[in-house]
């Protein structure tokens, strides 16, 4: 149980750093619904795309697209997006602690 708690805290730290790299408050990463909205805002430029997660079958496609758009938002390649999709436990810490910087390609709605 301590091991699982350590992994949870590590993943929380990774998401906190990713949010701060995207110029959002890191505290948003621990608020349940807000973190999903903000993650879509980081990746797509509009957090309202998170509402598509409520539509059956579309939610799977949006979850997959999120990983590729997140890689693109941080200047990473399509292959890094595949890594985020299939090996997220490795690639999310790389995104957080690596030298990736957020590229604001779209207009953000704050």
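What follows draws every value from the coordinates through simple rules; no lab data is involved. On a predicted model such as this, the values are computed, not experimentally measured, just so you know. Cβ placement follows ideal geometry from the backbone for every residue including glycine, while neighbour counts extend to all protein chains displayed.
Can you tell me which of (1) within 15 Å of the chain's Cα centre (by Cα); (2) free of Cβ contacts under 8 Å to residues at least 40 places away in the same chain is the one residue 41 doesn't meet?
So residue 41 meets the others, but not (2).
Using the structure shown, decide if residue 94 is surrounded by fewer than 17 Cβ atoms within 10 Å (Cβ to Cβ) and within 23 Å of residue 7 (Cβ to Cβ).
yes
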